[in-house]
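Chemist: Here's a structure for you.
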Amino acid sequence: IAMRLLQVLGGCVGMVESNAIISDVYEKNERAKAFSYIILIMGLAPLIAPSLGSFFVAHFTWHYIFYFLFIFSLSVILLIFFFLPETSIYKHSNKLKFIKISKDYLEVLKNPIFLKYTLASSIVMSILFAYISSAPFLFMTLYKLDNTTFSILFAVNAAGFIAGSYCNGVLTKYIPYIKIAKVASVILASIALAATITYYINPQIPYKILTSGIFFILVLIGFINPNATAGSLAPFTNNIGIASALGG
């Protein structure tokens, strides 16, 4: 229960605050680039975490995972305390009031632009988490791959997500981020449809072909999610933190 609470608090607070800070610091047209780099770092987690956890278990005991988490958390606290200034000190000086916050939440929920881009971001992230949760069963049980081969495939696909996020940050300098998201969405839908049809025609798809499809899908998610996040926050100035929380 304690670990689950830490996951929820860490994930929700960290994600919401980072999005709000980016919205405070960057102009609207620059936010997609910043979101891309943030998501790029987030993409490293599924790449590094399984290998790091296995290393601690193999060479020490599982207790060392929690020692590492303590040291890592303490480092983050110190970095925030000494190097991260308050970005909204001149924007949100009012005290928290339940009635006002409720009205602000309702105002954000009524915004059609926010709902459209938040839905887009949620859908593509559901694809990512569907892959992460099903990959072990898919590759190790159905395709009967060994641990080493599965780790390599998982790393390659995670690299696709990272590469997509990085390239998106570069392209936003030259192409409007909404246009990038729209084109990537069409391509992603086409690949997903082709993969679905191929599966029903031949369920025994070679795992290398399947991995190639997943790789390109994760690359496209790296193009869509940061731009959709930037688009969902674009209509707001005063309620960016609330919009970020609802989007998360």
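Chemist: Select from the stretch 192-248 the residues that are more than 22 Å from the chain's Cα centre (by Cα) and not in a helix (DSSP H, G or I) and list them in ascending order.
Modeler: Asn202, Pro203, Gln204, Ile205, Pro206, Thr237, Asn238 - these are the residues of the stretch 192-248 that are more than 22 Å from the chain's Cα centre (by Cα) and not in a helix (DSSP H, G or I).
Chemist: May I ask you to verify whether Ile205 is over 25 Å from Tyr143 (Cα atoms), of a type in the set (Val, Ile, Thr) and open to solvent by less than 60 Å² (accessible area, probe 1.4 Å)?
Modeler: no
Chemist: So, one more: Could you count how many residues in the stretch 210-243 are open to solvent by 60 Å² or more (accessible area, probe 1.4 Å) and at pLDDT below 85?
Modeler: 2
Chemist: Output the number of the condition that Asn238 fails; it satisfies all remaining conditions of (1) touching a residue at least 60 places away in the same chain (Cβ under 8 Å); (2) in contact with a helix residue (DSSP H, G or I) (Cβ under 6 Å, 6 or more places away or on another chain).
Modeler: Unmet condition: (2).
The values are calculated or read from the model by the stated rules, or taken from the named source; none is laboratory data. From a predicted model like this one, the values you see are computed outputs, not experimental measurements. FYI the Cβ positions are ideal-geometry reconstructions off the backbone, even for glycines, and counts take in every protein chain you see. For accessibility, only protein heavy atoms count, side chains too; no ligands or nucleic acids. Shrake-Rupley method; radii C 1.70, N 1.55, O 1.52, S 1.80 Å.
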